[in-house]
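Enquirer: The following block contains the structure, expressed as structure tokens.
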Amino acid sequence: MAPRHPPRFVVRTHDAARERRTRLLLGAGWAASVVVAAGLAWALSSTAPTAPGASRASTAQLRADNDDLRQRVANLERAGQVADIATKELKKNLSERDEEISGLRTDLAFYSRLVGGNGQRDGLKIQGARVTAVPGMPNAWNLVATLTQNARRGELLKGELKVAVEGIQGTKVTTLEGAALGQSAASTAIPFSFKYFQQAQASFTMPAGFRPTRLRFTASAGDGDATSTTVAWTDATRTDEVTDVQQQP
């Protein structure tokens, strides 16, 4: 028997639905590959390093902002320092004005009493006293005592003022006067001559170790008018002149 050869043509039934499914699957696979490729490209671009030019521009901007902030801080610090200095200067000026006003009020009260503005007429009076240390001379002091009167206006009042210093020498209460204060016989009494007021001046020395507590003054006029006054040492050594003194009969 002769061999049989396969047929040259195969007859198959055409399936249109199957062909459409194949094409849809191929299209979906292609679309999915495009999406995956786009996602990968976006991820790579987002994680890629910034270009050198952009990095330098960003750094320069940060430095500029930092310099600007530093300058603002420096300006605020200087403004604070200026305000602090101005406040201190203002407080100093106010303190000086208060002292000046206080001094003017004291002067006004003094001259008011002097001319009898309060309705009183006073005879010889020791209004106040001040002592200051003599530079370069230990235990040496300068004295200024203010004497006033307004009972006899326009009349010249003459007399003399004597001073004594009371204090403690060792453990004893001691009173120094005359020679004990280094005064000569001629300078023991301080002469005065005035119509309304006068500042009598003198100097004296005290022994080493002597602790003064107060000054005692005795003033007497030629017409018999006399007065005695004591001033605490702490008051007499103040920078302002003492006006509140204890008048004794």
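The values are calculated or read from the model by the stated rules, or taken from the named source; none is laboratory data. All of these numbers come straight from a predicted model, not from anything done at the bench. Don't worry about glycine lacking a Cβ; one is built from the backbone with ideal geometry, like all the others, and counts go over all protein chains shown. Please note that ligands, DNA and RNA were not included when accessible areas were found on the heavy atoms of the full protein model with its side chains. Shrake-Rupley method; radii C 1.70, N 1.55, O 1.52, S 1.80 Å.
Enquirer: Would you confirm, using the coordinates I've provided, whether Glu99 is open to solvent by 80 Å² or more (accessible area, probe 1.4 Å) and either modelled with pLDDT under 90 or in contact with a strand residue (DSSP E or B) (Cβ under 6 Å, 6 or more places away or on another chain) (or both)?
Expert: Yes.
Enquirer: Can you say whether Phe204 is of a type outside the set (Gly, Ala, Ser), at pLDDT 90 or above and in contact with a helix residue (DSSP H, G or I) (Cβ under 7 Å, 6 or more places away or on another chain), as far as the supplied structure shows?
Expert: Yes: the conditions hold for Phe204.
Residues checked against (1) at pLDDT 90 or above; (2) out of contact with any helix residue (DSSP H, G or I) (no Cβ under 9 Å at 6 or more places or on another chain); (3) open to solvent by 50 Å² or more (accessible area, probe 1.4 Å):
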site	(1), (2), (3)
Asn150	no, no, no
Leu156	no, yes, yes
Thr174	yes, no, no
Thr213	yes, no, yes
Thr230	yes, yes, no
Arg238	no, yes, yes
